[in-house]
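Novice: Have a look at this one.
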Amino acid sequence: MIFNNKSIKSHNNEAETKFVTYFEDSSSEDLNLALDSDMLTKIKFILDSEDFKGKQGELQIINLFRNECPKNIILVGIGKKEDFTLDRLRKSIGKATKEAAKLKAKSIDINIENLLSVMNLDMTITTICEAVVMADYKFDKYKSDRKASTLEEFSILYTEENQLESINKGINEGVILGQANLLARILVNEPSNVLGPIELAEAAKKAGDESGFEVEIFDEASIKELNMQAFLEVARASVKPPRLIVMRYNGNPEKKEEILGLVGKGLTYDSGGLSIKPTNSMVSMKSDMGGAAAVIGAMTAITKLKAKVNVVAVVAACENMIDGDGYRPGDIIGSMGGKTIEVLNTDAEGRLTLVDAVNYIIEKEHATKVVDIATLTGAVLSALGTTATGVVSNNDFFYARLEQASKICDEKVWRLPTFDEYKELIKSDVADLKNIGGPNAGSITAGLFIGEFVQEKPWLHLDIAGTSWADKDVDYGSKGGTGAGARLLYHLVKQLEN
Ligand code: BES
Ligand code: ZN
Ligand code: ZN
C-alpha cells in the first residue's frame, strides 16, 4: 500500500472510501471536513436518526450510490473527547480499515483536522498509519483461494502547506512501526516445517539487509566454540541444527560504550522434549519464537527510524524435540556463564537458551543493559491472560522507561515481584540452579532464573507467552501471531535516547 498526503484544495475526493472520524460528544455542526453537500446531508441524516453515536469502535458505512469518488463513507466512532487515547484511535481506524477492505476499496482518504483538538499532528498520523498497516494483514498464504487485499492507497488530506513536514514524518513512522509489527506476526505465523533455526536466521539477515543493520550468524560449530552448553543441550534432539543470530546497530557512536542488549527466545518449535507437551498445548508451539520475532521486528524500526542508541540483538535459535540423544529430566548441564543447572523438566527449555544468549550479549557484545523477551511460561497466561506482558526486573528506572514505552504503543505490561523467597525456589541441591521452581509462581521463578545471569546489569525480562498469540481477529490485530514486543521494544529504545 502507498501512503501519501494530498491537499484538500486541489486533490479532494479521489479516494473510493472516505474515513470520517466522529467523537461521541461532538455534533453534526462540527463536521467541517471539506465534505460536499451530498455527503454532509447523508451523514447528518445518520446522525439525526441516532443509529450512530460515535462510540469508540462504532462504525457506520454510508453508501453514496454514485459513480464519482468517494463511493462510500465510513463514519468512525472515536468515543468521548475526554476519554481519548491513541489506542482508541488505533483500534477504531483498524476496524474501519478492515471494513474498507471488505468493501473492496482500492483507496482511502482521511481528514484528520477534527482529531487535532485532542492530539498533536504527527502522533495522530503515526497512529492512524500504523493502524492501517496492521489491520491490512491476515495469515492466508497457504490457502489456495486467498485473495490479495484490494487496498492500494491511503491518503492524509491536509489544509495547510506548513503541516507537510509533520505529516510526512508521521506517515513514515507509522508505516515503519506497522510493518515492524507485521514482520513479527509473519515470522510467528510461519509453521515450524517451513521456518526452522536456519530459516529464522535467514529472515533476520534479510531484514538486516533491507533496513540497514548488521547480521552475523553462528553455526553449530561456532556455538560449540563459544561454549554455549545449555543452549546446545536444548538444540540437541532436533535434526535441525541451531543458529546464534546476532544483529547490531550503532545509532550513537558518541557513546559507543553504552549498548542496549535485546535477547529474543527463538524456539522455532517446542514439543516439550521428553517432558512432552499434550497435543493441544503443542499445536501453537510454532509461536515459541515470538521473542525472536519481536527483536527482529524492533531492529527494523530502530534502524529505519535512526534511533540514537546502540543496540545489539541476539537470538539463540533452535528446536526442542525428542530423540534418543536428547537431554533428559535429571541431567546436570553446564552453561556458557559457568553455572551448572539441574534439568528437572525439558519443557522449561527457553530459559536454558536465554541464559547463554544473555551471557553472550554481556561478555561478547558488551551490552550494558539487557532486555530479554520470551514466550516463556504458561503461568503468565494464568496470571495476566492475553492482555498484559509479565515483566521481571532488577531496576526501577529501567522499568519506568518500559512503562512509558508501553503507554505510547498500548502493548500493556505488568511488573511481577522479585522477593528473595522466590529466588530460593530455583536453587538446586546438586547443581547451582534448577530449571524449574516448583508448581507455584512459575513466571517469576522463570524470570529470576534468567536474572541469575545478568551480572547486575539493568535488566528487564518480558514474558509474552500470553500476549504473543491471538485466537481471533480483533481491532487492528489478526488471528495467530500478534507481533507483541516489536513496537514496544522500539519505543523503549526511543526512551533511552540521550
Ligand atoms: N514455550 C512454553 C511456554 C508457553 C506456554 C508459551 C503457552 C506459549 C503458550 C515454555 O517453554 C514452557 O513449556 N514452559 C513450561 C514451564 C514449566 C515446565 C515450568 C510451562 O509454562 O508449562
Ligand atoms: Zn517448553
Ligand atoms: Zn518454550
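Novice: Considering each of Gly208, Gly178 in turn, give the residue that is crowded, with 16+ Cβ neighbours inside 10 Å, closer than 21 Å to Ser478 by Cβ and either out of contact with any Leu (no Cβ under 9 Å at 6 or more places or on another chain) or of a type in the set (Val, Ile, Thr) (or both). I'd like the intermediate steps shown before the answer.
Specialist: Working: Gly208 fails: closer than 21 Å to Ser478 by Cβ.
From the options Gly208, Gly178, the qualifying one is Gly178.
Novice: Out of Val234, Val314, I need the residue that is in contact with a helix residue (DSSP H, G or I) (Cβ under 6 Å, 6 or more places away or on another chain) and assigned to a strand (DSSP E or B). Which one?
Specialist: Values: Val234 fails: assigned to a strand (DSSP E or B).
Matching residue, one of Val234, Val314: Val314.
Novice: May I ask you to say which residue of Leu267, Leu262 is under 19 Å from the mean Cα position of the chain (by Cα), within 16 Å of ligand 3 (Cβ to nearest atom) and of a type in the set (A, V, I, L, M)?
Specialist: On the way: Leu262 fails: within 16 Å of ligand 3 (Cβ to nearest atom).
Going through Leu267, Leu262 in turn, the sole match is Leu267.
Novice: If Val246 meets every condition in (1) of a type in the set (A, V, I, L, M, F, W, C); (2) buried (at least 24 other Cβ atoms within 10 Å of the Cβ); (3) away from ligand 2 (no atom under 13 Å from the Cβ) apart from one, which number is that one?
Specialist: (2)
Novice: Mind listing just one residue for me: the one in region 99-133 that is crowded, with 19+ Cβ neighbours inside 10 Å and assigned to a loop (DSSP other than H, G, I, E, B) and, of those, modelled with the lowest pLDDT?
Specialist: Restricting to residues being crowded, with 19+ Cβ neighbours inside 10 Å and assigned to a loop (DSSP other than H, G, I, E, B), the top hit is Ile112.
Novice: Let me ask something additional. Can you find, within region 134-175, the residue that is surrounded by the fewest Cβ atoms within 10 Å (Cβ to Cβ) among those that are touching a helix residue (DSSP H, G or I) at 6+ places or on another chain (Cβ under 7 Å) and charged (D, E, K, R)? Steps first, please.
Specialist: Quick first cut of region 134-175, residues touching a helix residue (DSSP H, G or I) at 6+ places or on another chain (Cβ under 7 Å) only: 134-137, 139, 149-151, 154, 156-159, 163, 166-167, 169-171, 173-175.
From what is left, the residues that are charged (D, E, K, R) are 136, 169, 173.
Values: Asp136: 21, Lys169: 15, Glu173: 21.
Per the stated criteria, the residue is Lys169.
Novice: Suppose we filter region 267-295 for residues that are part of a strand (DSSP E or B), crowded, with 24+ Cβ neighbours inside 10 Å and not hydrophobic (A, V, I, L, M, F, W, C); how many remain? Break it down into steps so the answer makes sense when it comes.
Specialist: Step one: list which residues in region 267-295 are part of a strand (DSSP E or B), which gives 267-270.
Narrowing further to those that are crowded, with 24+ Cβ neighbours inside 10 Å: 267-268, 270.
Next cut, not hydrophobic (A, V, I, L, M, F, W, C) only: 268, 270.
Adding up the residues that qualify gives 2.
Novice: Please state which of the following conditions Gly264 fails to meet, knowing it meets all the rest: (1) assigned to a loop (DSSP other than H, G, I, E, B); (2) within 16 Å of ligand 2 (Cβ to nearest atom).
Specialist: Here Gly264 clears every test but (1).
Novice: With respect to the numbered conditions (1) in contact with a helix residue (DSSP H, G or I) (Cβ under 7 Å, 6 or more places away or on another chain); (2) more than 12 Å from ligand 3 (Cβ to nearest atom), which one is the sole condition not fulfilled by Ile362?
Specialist: Condition not satisfied by Ile362: (1).
Novice: So, one more: Criterion first (out of contact with any helix residue (DSSP H, G or I) (no Cβ under 6 Å at 6 or more places or on another chain), of a type in the set (Lys, Arg) and part of a loop (DSSP other than H, G, I, E, B)) does Arg66 satisfy it? Give the steps one after another, and end with the answer.
Specialist: Values: out of contact with any helix residue (DSSP H, G or I) (no Cβ under 6 Å at 6 or more places or on another chain): yes; of a type in the set (Lys, Arg): yes; part of a loop (DSSP other than H, G, I, E, B): yes.
Against the criterion (out of contact with any helix residue (DSSP H, G or I) (no Cβ under 6 Å at 6 or more places or on another chain), of a type in the set (Lys, Arg) and part of a loop (DSSP other than H, G, I, E, B)), Arg66 qualifies.
Novice: Return the total of residues in region 365-388 being more than 16 Å from ligand 3 (Cβ to nearest atom) and of a type outside the set (Gly, Ala, Ser).
Specialist: Number of matching residues: 9.
Novice: I'd like to know if region 307-330 contains one or more residues that are modelled with pLDDT of 95 or more, surrounded by fewer than 19 Cβ atoms within 10 Å (Cβ to Cβ) and within 22 Å of the chain's Cα centre (by Cα).
Specialist: yes
Novice: Let me ask you something else. Restricting to region 181-205, give me the number of residues that are surrounded by fewer than 19 Cβ atoms within 10 Å (Cβ to Cβ) and of a type outside the set (Lys, Arg). It would help to see each step written out before you state the result.
Specialist: Of all residues in region 181-205, those surrounded by fewer than 19 Cβ atoms within 10 Å (Cβ to Cβ) come to 191, 193-194, 198-199, 202, 205.
If we keep only those that are of a type outside the set (Lys, Arg) as well, we get 191, 193-194, 198-199, 202.
Of the residues in that region, 6 qualify.
Novice: Can you work out which of the residues in region 388-426 that are polar (S, T, N, Q) and over 24 Å from Ile296 (Cβ atoms) is nearest to ligand 1 (Cβ to nearest atom)?
Specialist: Start the filter on region 388-426 by keeping residues that are polar (S, T, N, Q), which leaves 389, 393-395, 404, 406, 418.
Cutting the leftovers down to over 24 Å from Ile296 (Cβ atoms) gives us 394-395, 418.
Details: Asn394: 21, Asn395: 25, Thr418: 18 Å.
The qualifying residue nearest to ligand 1 (Cβ to nearest atom) is Thr418.
Novice: Mind checking which residues of region 376-402 are surrounded by 19 or more Cβ atoms within 10 Å (Cβ to Cβ), within 16 Å of ligand 2 (Cβ to nearest atom) and closer than 22 Å to Thr268 by Cβ?
Specialist: Leu376, Thr377, Val380 - these are the residues of region 376-402 that are surrounded by 19 or more Cβ atoms within 10 Å (Cβ to Cβ), within 16 Å of ligand 2 (Cβ to nearest atom) and closer than 22 Å to Thr268 by Cβ.
Novice: Is it the case, given these coordinates, that Leu260 is crowded, with 17+ Cβ neighbours inside 10 Å and more than 18 Å from Glu190 (Cα to Cα)? Before the answer, list the steps.
Specialist: Details: crowded, with 17+ Cβ neighbours inside 10 Å: yes; more than 18 Å from Glu190 (Cα to Cα): yes.
Yes; evaluated as a whole, the condition is true for this residue.
Novice: If I filter region 138-148 for residues that are touching a Leu at 6+ places or on another chain (Cβ under 8 Å) and of a type outside the set (Phe, Trp, Tyr), do I get at least one hit? Quick ask: steps written out before the conclusion?
Specialist: Taking region 138-148 first, the residues touching a Leu at 6+ places or on another chain (Cβ under 8 Å) are none.
No.
Novice: Kindly provide the set of residues from region 267-305 that are within 14 Å of ligand 2 (Cβ to nearest atom), among the small types (Gly, Ala, Ser) and closer than 16 Å to Gly481 by Cα, ordered by number.
Specialist: Within region 267-305, Ser281, Ser284, Ser287, Gly290, Gly291 qualify.
Novice: Since Leu89 meets every condition but one in (1) closer than 28 Å to Asn162 by Cβ; (2) in a strand (DSSP E or B); (3) modelled with pLDDT of 95 or more, which condition does it not meet?
Specialist: The number of the failed condition is (2).
Novice: Got a sec? Which helices (runs of 4 or more DSSP H) wholly within region 351-462 have at least 3 residues that are among the acidic types (Asp, Glu) and without any contact (Cβ under 8 Å) to a residue 40 or more places away in the chain? Working first, answer last.
Specialist: On the way: elements: 378-384, 396-409, 420-424, 442-451.
Those helices (runs of 4 or more DSSP H) span 420-424.
Novice: How many residues does region 1-42 contain that are of a type in the set (A, V, I, L, M) and over 16 Å from Cys69 (Cα atoms)?
Specialist: Step one: list which residues in region 1-42 are of a type in the set (A, V, I, L, M), which gives 1-2, 8, 15, 20, 31, 33-35, 39-40.
Applying the additional criterion that residues be over 16 Å from Cys69 (Cα atoms) yields 1-2, 31.
Within region 1-42, residues that are of a type in the set (A, V, I, L, M) and over 16 Å from Cys69 (Cα atoms) number 3.
Novice: Can I ask one more? Restricting the search to region 1-24, which residues are modelled with pLDDT of 80 or more and exposed (fewer than 13 other Cβ atoms within 10 Å of the Cβ)?
Specialist: The first filter runs over region 1-24 and keeps only residues modelled with pLDDT of 80 or more, leaving 1-9, 13-24.
Of everything in region 1-24, those that are modelled with pLDDT of 80 or more and exposed (fewer than 13 other Cβ atoms within 10 Å of the Cβ) turn out to be Ile2, Lys9.
The values are calculated or read from the model by the stated rules, or taken from the named source; none is laboratory data. Treat the numbers as computed from the prediction; the structure is a model and nothing was measured. Every residue, glycine as well, gets a Cβ built from its backbone with ideal geometry; the counts of neighbours run over all protein chains shown.
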